[in-house]
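The values are calculated or read from the model by the stated rules, or taken from the named source; none is laboratory data. Because the structure is predicted, anything quoted here is derived from the model rather than measured. Positions of Cβ are generated from backbone atoms using ideal geometry, with glycine treated the same way; all protein chains shown enter the neighbour counts. Keep in mind that these areas ignore ligands, DNA and RNA; they rest on the heavy atoms of the full protein, side chains included. Shrake-Rupley method; radii C 1.70, N 1.55, O 1.52, S 1.80 Å.
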Amino acid sequence: MDETQVVEHLVLWLIQPQTRDQALLELSKRRETFPDLACYLWHSFGAIAVLLQEIAATYPMLSPPAVAAHVSNRVCNALALLQCVASHSATRIPFLQANLPVFLYPFLAIESKARPLEYLRLTSLGVIGALVKADETPVISFLLGTEIVPLCLKVMEIGTELSKTVATFIMQKILLDDVRKARGREAGVGLNYVCATPERFFAVTGLLGALVAGGKGGVCAGAGGANGSNHSLGALSVAPQQPQHQYRPQLSDHQHLEQYNYQHQHQHQHQEQPHHQQQLQQLQHQQQEPYSNGHMANGGQRQLAPHANASGGDGGGGGGGGQPSQRLLKHIIRCYLRLSDNPRARSALRSCLPEALVNPAAAAATAGLIGADNPSRKWLAQLLMNVGFSDSAAALGAPDVVQPSPVMGA
């Protein structure tokens, strides 16, 4: 049989409970070698329903955490096939119209760091990463109508280094939406969403600052100190007319926001992780954005599969006590730079950028972590120039950054 016939037989096996496990595994191996697999899955009767059934069957095991390794592997294979569907240009929009991303959100909402759950969290992030990598405004608009921003912030706070990296990449793509078309007072929906209220802005910058500080807490003064990011998560909930989910963060008091000229214009508005090292190396060697079709899914199944060989215990915080990885730092800086395109956010950033980015000596050390040829060095210099730290910007040695970039949407 040729490859097409093999895939057709595997999709039929997927429908049968007796052969489903093997079909999930074999189909997940063919995501990159069979380009039209997404279309076969989407248009085959019952195939997507089977994948959702595999996912939903895991929900009762999430609280209290009771997901076994073999169950996690099986669901990761199902998630990998959903990522294939989310990546394909012919099935991406129907995937959104069916509201399928919300089936992944319970995996992002869990707080346990147990490895089987971390694998589910990471592979689910890969599906969302595949969606946002398309750089399509309808995708961003859909996600902003759900709880994706507070859920990404949760992962950025408690996840492993790799999960934090993917979650921050998703936040970057949301903020950068429509950046190429933004002119004058126009800006992408992602930037407008985050800058719509001071609570949202400080929630995002508080978590970004905590990542720069190595997980030691937010350093944005406007977010109320070390716990500022937690205090602001509730403000990221969607409007009442949007779908509501039981895992939406609760509202909390917000303090010290009056220190900034930001809110008055918006009154209407665990241990070491050796099992992740191979994945991190794989991500760091990608020339461009690492979360294309297949990369995260590979991490979700083929790289993450050997549960039994991994040491027990927590999945760990992933870099909670040291500097962020080069890849993570790149996404953090790009998020900050995009936020500085908003005039009120630019003013607020001057008071709440992490010291590791602002201090000239620390900024130079950060640039050393980034690397001499990385565009992140130029992004960091432009960020510092935008918010008024010209001395720190000059210390980075980026001669083409000589003045602040124009602000965009109000």
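When Glu136, Glu355 are compared by accessible area at a 1.4 angstrom probe, the order from most to least is Glu355, Glu136. A Cβ-based charge dipole, computed about the Cα centre of the range 68-136 with Lys and Arg at +1 and Asp and Glu at -1, lands at about 200 debye.
Distance cut-off 19 Å, Cα to Cα: go down the list Lys29/Lys113; Lys133/Lys173; Lys330/Lys378; Lys29/Lys164; Lys113/Lys173; Lys113/Lys164 and report the pairs above it.
Details: Lys29/Lys113 27 Å; Lys133/Lys173 7 Å; Lys330/Lys378 11 Å; Lys29/Lys164 26 Å; Lys113/Lys173 25 Å; Lys113/Lys164 13 Å.
From the list (Lys29/Lys113; Lys133/Lys173; Lys330/Lys378; Lys29/Lys164; Lys113/Lys173; Lys113/Lys164), the Cα-Cα distance tops 19 Å for Lys29/Lys113; Lys29/Lys164; Lys113/Lys173.
Taking a ≥ b ≥ c as the square roots of the eigenvalues of the alpha carbon gyration tensor, the range 86-171 is prolate, as a/c is not under 1.5 and a/b beats b/c. Ligands, DNA and RNA excluded, the heavy atoms of Met61 present near 60 Å² of accessible surface to a 1.4 Å solvent probe. Computed on the range 34-96, with alpha-carbon pairs under 8 angstrom and 6+ residues apart, the relative contact order is 45 percent. Near the amide H of Thr58, within less than 5 Å, lie no amide hydrogens of residues on another chain or at least 5 residues away, with H placed in the peptide plane.
Leaving out ligands and nucleic acids, note down the accessible area per residue over the range 1-139 with a 1.4 angstrom probe, in whole Å².
Numbers: 5510 Å² over 139 residues.
Solvent-accessible surface per residue comes out at 40 Å².
Using the Karplus relation 6.51 cos²θ - 1.76 cosθ + 1.60 with θ = phi - 60°, the per-residue 3J(HN,Hα) values for the range 122-131 come to 5, 5, 5, 4, x, 5, 5, x, 5, 5 Hz, with x marking Gly and Pro. When the Cα positions of Gln97, Tyr59, Gly46 are compared along the charge dipole of the range 1-123, Tyr59 comes out farthest toward the positive end, with charges on each C-beta of Lys, Arg, Asp and Glu.
Basic side chains Lys and Arg get +1 at the Cβ, acidic Asp and Glu get -1 at the Cβ, and with that the dipole of the range 35-171 about its Cα centre reaches some 180 debye.
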